[in-house]
Every structure is written in C-alpha cells, then in structure tokens.
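Some notes on the structure that comes next.
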Amino acid sequence: MSNFIEKISKMIEDPFEGPFEGEDFLIDEEGIIHVTNNNQKLAGIISRKVNQSNKFDMKMVRLGTSGDTIVLGFDPLTDAIPVHTDRIGFKKDVLVDVRQSSPTEFYLYVGKRRKNKVYSTLNRAKTAIKLLDKSLQKMAEQPSYDDDAD
C-alpha cells in the first residue's frame, strides 16, 4: 500500500509551486486523499492529474466532505452493474442508477455521478429517486403570466 501512496504522491506533488503533502493535502493509509481548507480547485486538479495519467484501473472521484476537508478516492462501483435504473425529470432525460457495494450500502448515481449519501435499503434509494423526480418536475413547471394585465 505504501508503494501505491508514493505513486499518487509523486504524481500530485510539484516541488516548486505545490501542492505539498502534509500542507495542502494528506493521503491516509487506505489511499484516500484529504484536501484541506475546502480547496475545490486543488481537489479538481488532483482528480484530473490522477485520472488523466491512466495508471489506475478506477477513476478518482469526490467521495464527500468532512468538515472543511474534501475527501477524494477511487470509486470501485463505477463499472458495477446497477441494481435499479430509472429516468427522471421533466423530459425523462436524467438517468439515475442505484448501485450496491454491500448488502446494506446503496449509492445513487445521477447522470453517472455518485451522490455522497449512503442508503441502507434499495427501497430508501428508490424513495430518494422519487423525491428527486418530484423536485425536478416542480422546477420545470413554468409560471403562468397574465398577458392582459395593465
């Protein structure tokens, strides 16, 4: 695992302009990258560098946040077969997948992007899809205006 961490660290670090490990980001023993100070730009740069290198089987994604730290890691479910697929939205143009990592962990993928929330059952994930569909439908409704108003 230390070889893996060194490989990622060498790929990300720039000895002249940074980022510097320990100052701008940390890599824990599981290979999870923690970007400090909620630095969106640095998190994007790290993800892009790692994904464009094509040295890893999986894509690096944003796994979530922890306080003011952005958590990046490899998503093993990107190529997994979804347990449920649906199309939502006003024109049914938003693809939503539910993928399962363990018997009690279900993740929602909206437009091929993983959401941070973990659902304990498939029914809870389906309920979240219905709520998301309702909110998208409501956003698509156009307000009616009175053309005869003076």
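The values are calculated or read from the model by the stated rules, or taken from the named source; none is laboratory data. Computed from a prediction, not measured in an experiment: that's the story for all the values here. Heads up, the Cβs are rebuilt from the backbone with ideal geometry, glycines too, and the neighbour counts pull from every protein chain shown.
Data table
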{"item": "Qualifying residue in the stretch 66-81 (condition: among the small types (Gly, Ala, Ser), free of Cβ contacts under 8 Å to residues at least 60 places away in the same chain and crowded, with 16+ Cβ neighbours inside 10 Å)", "result": "yes"}
{"item": "Complete set of residues in the stretch 82-130 that are surrounded by fewer than 13 Cβ atoms within 10 Å (Cβ to Cβ), within 17 Å of the chain's Cα centre (by Cα) and within 23 Å of Ala140 (Cα to Cα)", "result": "Gly111, Lys112, Arg113"}
{"item": "Where a residue in the stretch 7-18 is farther than 15 Å from Ser53 by Cα and its partner, wherever it lies, is of a type outside the set (Phe, Trp, Tyr), with Cβ under 7 Å and at least six apart", "result": "Gly18/Asp24"}
{"item": "All strands (runs of 3 or more DSSP E) inside the stretch 1-104 with 2 or more residues being within 30 Å of Lys126 (Cβ to Cβ)", "result": "60-66, 69-74, 84-88, 94-102"}
{"item": "Conditions (1) of a type in the set (Gly, Ala, Ser); (2) assigned by TED's automatic domain parsing to the domain that holds Ala128; (3) surrounded by fewer than 15 Cβ atoms within 10 Å (Cβ to Cβ): number failed by Gly44", "result": "(2)"}
